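> Sharing a structure, written as structure tokens. Questions coming.
Taken together, the values in this text are just the output of simple stated rules run on the coordinates, not laboratory data. For clarity, every value in this text was computed on a predicted model and none was experimentally measured. Cβ placement follows ideal geometry from the backbone for every residue including glycine, while neighbour counts extend to all protein chains displayed.
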Amino acid sequence: MSAGITSPAAQPRHLLGLQAMSAERLRALLGATMDISRVHGRLSEPLRGHVVANLFFEDSTRTRLSFTVASKKLGADVIDLVSATSSVNKGETLIDTARNIEAMGVSALVVRARQSGAAALIARHVNIPVLNAGDGRHEHPTQGLLDIATLGEATGRADGFDLSGLHVVIVGDVYASRVARSNVAGLCALGARVSCVGPPGLAPHSLETLGCAVSHELDPLLPQADAVMMLRIQFERHEGGKGAEGQSEKRGVISSVREYRARYALTAQRAALMKPGAFVMHPGPINRGIELDAEVADSPQSLILRQVTMGVWARMAVLRDLLGD
Ligand code: CP
């Protein structure tokens, strides 16, 4: 099964990533998202009778609840596997877990996992649609879709999603970011220019193979950007896991929070370098006071809560696409 939405006859279709998705397919899903947005999600419950299973083997606030709201607005029932109390902790594999839940008669699996490729692996072993809700450092396709829908709406490009001429700057821990990978794929496919910025360890030049530019200097790019997408440092995806600030510094993820902030945080002072009308985005969760200052996160140029709202519409669009008649 390929990484994008696929439709071979008699095979379930999945949403595993944006990297293999055509611009035409992206535009269809983004257009459906905007249609749903315009009616504030009020549809005639096209998924009544379906059960959507959330299989979250890693923490989530936005994605899990957003999929739940989206499923319920479409008329589906939702069941949740909570990894902390599941039999994965007794040694059951992700594949066995997924196949057992499929055997209960659910219509789709929404999967979040620490392992890159976990959603695709599960998709190869079940006969129902699998939606990747974030797999390790690989992809987070519905986050990419909702981010692009939000940006398209804010910049007046939502009618057709031709993003040519737009410059999006993604700042921070790009290396560990599945959100960045899905965004780079989707934005570039629709014609936007993307620059990824961070210290060499978090924004290595190897990322250029994704189609973006890479820079270690943020300030010169700020006056050019139409949107600046800030990323959290994902300490848990770097060796050693999450710890106190001082421990994280010692592990070498960053040399020091103070030094990181001095060069890469979107402070109010730095946000003033952005061109008028440019937007601030963040997929969440925000670490206020590290990568993004509160007054910027809560400013009129921030799209952060609009991203969250758009997440419901985007997930409704995808679920309806995969499960609807
Ligand atoms: N943006 C995002 O994936 O947030 P959660 O980890 O809370 O789902």
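> Please work out the C-alpha center-to-center distance from region 167-181 to region 62-138 and express it in whole Å.
Distance between centres, Cα-based: 25 Å.
> Please compute the Kirkwood hydrodynamic radius over the chain, one decimal place, Å, based on all pairs of different Cα atoms.
20.0
> Quick one, what does Rg over Rh come out to for region 158-218 if you take C-alpha atoms and the Kirkwood Rh?
Working: Rg = 11.3 Å, Rh = 11.5 Å.
Rounded to two decimals, Rg/Rh equals 0.98.
> Separate question: All other residues with a Cβ under 15 Å from the Cβ of S302 taken together, and with Lys, Arg as +1 and Asp, Glu as -1, what is their net charge?
Numbers: positive: R270, R288, R306; negative: D147, E153, D226, E291, D293, E295, D298.
That sum, taken over residues with Cβ under 15 Å, equals -4.
> If you don't mind, there's one more thing I want to ask. Taking the Cβ-Cβ separation of V82 and E45 as r and a Förster radius of 25 Å, what is the calculated FRET efficiency to the nearest 0.05?
Numbers: r = 26 Å, r/R0 = 1.05.
About 0.45, to the nearest 0.05.
> Can you tell me which of L273, L145, L16 moves the most in a GNM of the chain? Springs connect C-alpha atoms under 10 Å apart.
Among L273, L145, L16, the largest mean-square fluctuation in the Gaussian network model of the chain belongs to L273.
> Can you work out the Karplus-derived ³J(HN,Hα) for every residue in region 190-206? Use 6.51 cos²θ - 1.76 cosθ + 1.60 with θ = phi - 60°, whole Hz, and x for glycine or proline.
9, x, 6, 9, 10, 10, 9, 10, x, x, x, x, 9, 9, x, 5, 4
> Let me ask something additional. Can you compute the charge dipole magnitude of the chain about its Cα centre, using +1 on each Lys and Arg Cβ and -1 on each Asp and Glu Cβ, nothing else charged? Give it in debye, rounded to the nearest 20.
For the chain, the charge dipole is close to 240 debye.
> Quick one: give the max-minus-min coordinate of the C-alpha atoms of region 1-124 along each principal axis, largest first, in Å.
45, 29, 28
> Residue by residue through region 11-16, which ³J(HN,Hα) values in whole Hz follow from phi under the Karplus form 6.51 cos²θ - 1.76 cosθ + 1.60 (θ = phi - 60°), with glycine and proline marked x?
3J(HN,Hα) across region 11-16, in whole Hz: 10, x, 9, 10, 10, 10.
> Excluding same-chain residues fewer than 8 positions from K275, which aspartates and glutamates have a Cα within less than 14 Å of its Cα?
D219, D226
> Then there is this: Kindly work out what percent of the DSSP beta bridges joining two residues of the chain are antiparallel, to the nearest 5.
5
> Near K73, which aspartates and glutamates are there with a Cα under 14 Å away, not counting those fewer than 8 places off in the same chain?
Cross-link targets: E45.
> Quickly work out the L305-to-K275 label distance, labels modelled 7 Å from Cα along the C-beta direction, and quote it in nm with one decimal.
2.8
> Report ³J(HN,Hα) in whole Hz for each residue of region 277-291, in order, from the Karplus equation J = 6.51 cos²θ - 1.76 cosθ + 1.60 where θ = phi - 60°; Gly and Pro get x.
Values, residue by residue: x, 6, 10, 10, 10, 7, x, x, x, 7, 9, 4, x, 9, 7 Hz.
> Around V194, with a cut-off of 12 angstrom between Cβ atoms, what is the net charge of the other residues, counting Lys and Arg +1 and Asp and Glu -1?
Counting the neighbours of V194, the net charge comes to -1.
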